[in-house]
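Participant: Here you go, one structure.
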Amino acid sequence: MAIDRLGEVPSIRVTQASSVYETDPWGKPDQGPFLNQAVELKTSLEPVPLLDACQSIERGLGRERTEKWGARTIDIDILLYDSRIVERVELRIPHPRLRDRRFVLVPLAEIAPAVSVPRTGLTVKDLLAACEDTGGVRLYEPVG
């Protein structure tokens, strides 16, 4: 539903989506698995208005921000925005913990392995190969 909603924003076009992955919880391990996916967009929105659009979609899908790293219905993060670097209180691009999270790098590497990540001098594929996170990431297979 989130991808559909992103595509409904007039200045956003979804161009690519990874498979969906079931992943071990990160940051707060005493909860069930999460589902993660990476999506590539083309947009005329600048980064902060894009964040606003993403957060509006989250709210529309029932997201309530109650507990850091806790269970949530939806979470849309902006990982990269071309080769730009953004340093704002509400938004940092590239995502500051991108290189530490296998659950982010696996789906991102599926759709953008050769993309260079600013500040690292490495590609997404290189970051995944160097990632020390051992959390489980497996293709999601819905039951029933």
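The values are calculated or read from the model by the stated rules, or taken from the named source; none is laboratory data. Model, not experiment: these values are computed from the prediction. Neighbour counts are summed over all protein chains in view; Cβ atoms, including those assigned to glycine, are modelled from backbone coordinates with ideal geometry.
Participant: Please pick out the residue among SER18, SER56, SER44 that is of a type in the set (Ser, Thr, Tyr), touching a residue at least 40 places away in the same chain (Cβ under 8 Å) and within 23 Å of ASP82 (Cβ to Cβ).
Facilitator: Details: SER56 fails: touching a residue at least 40 places away in the same chain (Cβ under 8 Å); SER44 fails: touching a residue at least 40 places away in the same chain (Cβ under 8 Å).
When all the criteria are applied, what remains is SER18.
Participant: Which ones in segment 1-27 are buried (at least 17 other Cβ atoms within 10 Å of the Cβ) and assigned to a loop (DSSP other than H, G, I, E, B)?
Facilitator: Matches in segment 1-27: VAL9, SER18, ASP24, PRO25, TRP26.
Participant: I would also like to ask the following. Determine if segment 68-76 includes at least one residue that is surrounded by 15 or more Cβ atoms within 10 Å (Cβ to Cβ) and farther than 23 Å from ILE3 by Cβ.
Facilitator: Taking every residue of segment 68-76 in turn, none turns out to be surrounded by 15 or more Cβ atoms within 10 Å (Cβ to Cβ) and farther than 23 Å from ILE3 by Cβ.
Participant: Of all residues in segment 130-144 being in a loop (DSSP other than H, G, I, E, B), of a type in the set (Gly, Ala, Ser) and surrounded by 10 or more Cβ atoms within 10 Å (Cβ to Cβ), which is modelled with the highest pLDDT?
Facilitator: GLY136
Participant: Now for a separate question. Within segment 48-67, can one find any residue that is at pLDDT 95 or above and under 24 Å from THR123 (Cβ atoms)?
Facilitator: Yes: one or more hits.
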